[in-house]
Amino acid sequence: MGRLPEVFFFDERKHFDIMGGLEKLFEETGLAGLISRGDRVAVKVHMGELGNTTHIRPQFVAKIVELVKAAGGKPFVTDTTTIYPGERFTASAYLKTAAINGFTRQGLKAPIIIADGEKGYDGKSFPVKKRIRGCRLRKVEVASALLEADAVLIVSHGKGHLMTGFGGAIKHLAMGCTTKRSKTSQHATHGLVLNASKCTRCFECVKACPYSALEETVKGPPKRIVSKCAYCLTCLFNCPVNAYKIEKGGKTKFQVALAHAAVAVAEALPKGKTGYMNFLQDITLRCDCAAAGPPIVENIGLLASVDPVALDKASLDLIDKAKIITGRVEAKPPDVLGKLNRTNSLNHVEVASKLGLGSLKYRLAEVEIEEAEVEEE
Ligand code: SF4
Ligand code: SF4
């Protein structure tokens, strides 16, 4: 067997100086070595939905910008628009939300570029070359600005996710780096079903659908025009009687598609010049696309690797060993985030590994920093 990929880990539970730990992690992982003088470096980060308070803090992103500059790179901070109609649906709305959440050009000392353009459709198509587990995804559309970068840092918040259990680097590649069209093709795999017997014909879902994919009917429930549907689930969240559901087994199918998309995106990013960081802080049940609730486990620290699968697997293993701080009785390891989100987080990590994105086995290398203590003689 070849050498195991290294995942570098700064355990913030043992230290005070998290910024110092981030700097050391950046050096020891070799992230600086991925950057050549003059490279345009995309720092890909989710800047949080309006009302979300548990996204990665902008101070950490500003520090990464500083470290990229010190390595000779020209950084820009970037993310993509959403398929659901929140406050990041367009690039201009996203920039306003980012500013409210503390991400500004002045504060970060780098431009912020929404990678898939104003409406979220600017991208280039790449094939999904290998398919397993019945996946039907044939292509992904990578957001344009990411393709213009010479080096990319995928900086992810490790937290829970309704569909994937855990969301880290793999989820960030697949969903965070693609256009609206590509997000839709992945979400289509979990399906959407309407229980007509529950429907009261209030047509709230018709009013809420941002893609005009639902029509009122003379009799019976609303009609969905599948070719217009973006699988944004706005109808599901707006139905007062929970008449909408995703298909049985939909979460697993979605994770399989997501893993395939992640592989295709990673292949499109600069070869040998893409690095990954996971921030295991504010590890909430839900993702940064909404108010995500209180943390489920204690803050753990920062991880980095050039292998996104090893990074996510190491994150899941550390979460399994972390102290649980929620009162929910069903919150028990292993895979506490998967259990609470009623899925198995490992599904997408294992499929990504089988497709060759990275290794489930890794070597954890702990990064230490010196901190002065005030001691009595
Ligand atoms: S919101 Fe729910 S109950 Fe109202 S029309 Fe739509 S499916 Fe029926
Ligand atoms: S029908 Fe539902 S899932 Fe489809 S686009 Fe409209 S709101 Fe989104």
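The values are calculated or read from the model by the stated rules, or taken from the named source; none is laboratory data. Predicted model only: the values in this text are computed from it and were never measured. Heads up, the Cβs are rebuilt from the backbone with ideal geometry, glycines too, and the neighbour counts pull from every protein chain shown. Side chains included, ligands, DNA and RNA excluded: accessible areas come from the protein's heavy atoms. Shrake-Rupley method; radii C 1.70, N 1.55, O 1.52, S 1.80 Å.
Values computed for the structure shown
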| read-out | value |
| --- | --- |
| Test set (1) over 26 Å from T178 (Cα atoms); (2) in contact (Cβ under 8 Å) with a residue 60 or more places away in the chain; (3) surrounded by fewer than 20 Cβ atoms within 10 Å (Cβ to Cβ); (4) small (G, A, S) - G72 fails condition number | (2) |
| Of the criteria (1) within 23 Å of L153 (Cα to Cα); (2) open to solvent by less than 90 Å² (accessible area, probe 1.4 Å); (3) not aliphatic (A, V, I, L, M), which one K124 fails | (2) |
| Every residue from region 200-213 that is open to solvent by 60 Å² or more (accessible area, probe 1.4 Å), assigned to a loop (DSSP other than H, G, I, E, B), without any contact (Cβ under 8 Å) to a residue 40 or more places away in the chain and near ligand 1 (Cβ under 10 Å from one of its atoms) | R201 |
| Any pair with Cβ under 6 angstrom, 6 or more apart, that starts in region 17-33 at a residue that is in contact (Cβ under 8 Å) with a residue 60 or more places away in the chain and assigned by TED's automatic domain parsing to the domain that holds I154 and ends at one that is open to solvent by 20 Å² or more (accessible area, probe 1.4 Å) and of a type in the set (F, W, Y) | L25/F8; E28/F8; T29/F8 |
| Search result, residues across region 50-61 that are over 16 Å from P294 (Cα atoms) and touching a Gly at 6+ places or on another chain (Cβ under 6 Å) | P58 |
| Subset of region 101-122 that is charged (D, E, K, R) and assigned to a loop (DSSP other than H, G, I, E, B) - its residue that is farthest from F76 (Cα to Cα) | K119 |
| Lone qualifier among S125, S197 - being in the same structural domain as V241 (by TED's automatic domain parsing) and either of a type outside the set (D, E, K, R) or in a strand (DSSP E or B) (or both) | S197 |
| Every residue from region 289-331 that is on the phi > 0 side of the Ramachandran plot and either in contact with a Ser or Thr (Cβ under 6 Å, 6 or more places away or on another chain) or not assigned by TED's automatic domain parsing to the domain that holds G33 (or both) | G293 |
| Region 214-229 - residue that is within 12 Å of ligand 1 (Cβ to nearest atom) and not in a strand (DSSP E or B) and, of those, surrounded by the most Cβ atoms within 10 Å (Cβ to Cβ) | P222 |
| Among (1) in contact (Cβ under 8 Å) with a residue 24 or more places away in the chain; (2) open to solvent by 10 Å² or more (accessible area, probe 1.4 Å); (3) of a type in the set (V, I, T), the one test that V309 misses | (2) |
| Conditions (1) within 16 Å of ligand 2 (Cβ to nearest atom); (2) assigned by TED's automatic domain parsing to the domain that holds G168; (3) open to solvent by less than 40 Å² (accessible area, probe 1.4 Å): number failed by C239 | (2) |
| Residues satisfying the stated conditions in region 43-73, i.e. in contact with a Phe, Trp or Tyr (Cβ under 6 Å, 6 or more places away or on another chain) and either farther than 20 Å from C287 by Cα or not hydrophobic (A, V, I, L, M, F, W, C) (or both) | P58, L67 |
| Single residue of I170, I132, I154 found to be surrounded by fewer than 19 Cβ atoms within 10 Å (Cβ to Cβ) and away from ligand 2 (no atom under 16 Å from the Cβ) | I132 |
| K245 free of Cβ contacts under 8 Å to residues at least 24 places away in the same chain and either open to solvent by 20 Å² or more (accessible area, probe 1.4 Å) or within 10 Å of ligand 1 (Cβ to nearest atom) (or both) | no |
| Candidates R224, R286, filtered to the one that is charged (D, E, K, R), touching a residue at least 24 places away in the same chain (Cβ under 8 Å), over 30 Å from G73 (Cα atoms) and within 13 Å of ligand 2 (Cβ to nearest atom) | R224 |
| Residue in region 317-336 that is buried (at least 24 other Cβ atoms within 10 Å of the Cβ) and of a type in the set (A, V, I, L, M, F, W, C) present | yes |
| Only listed residue being charged (D, E, K, R) and part of a loop (DSSP other than H, G, I, E, B), chosen from E23, E49, E66, E27 | E49 |
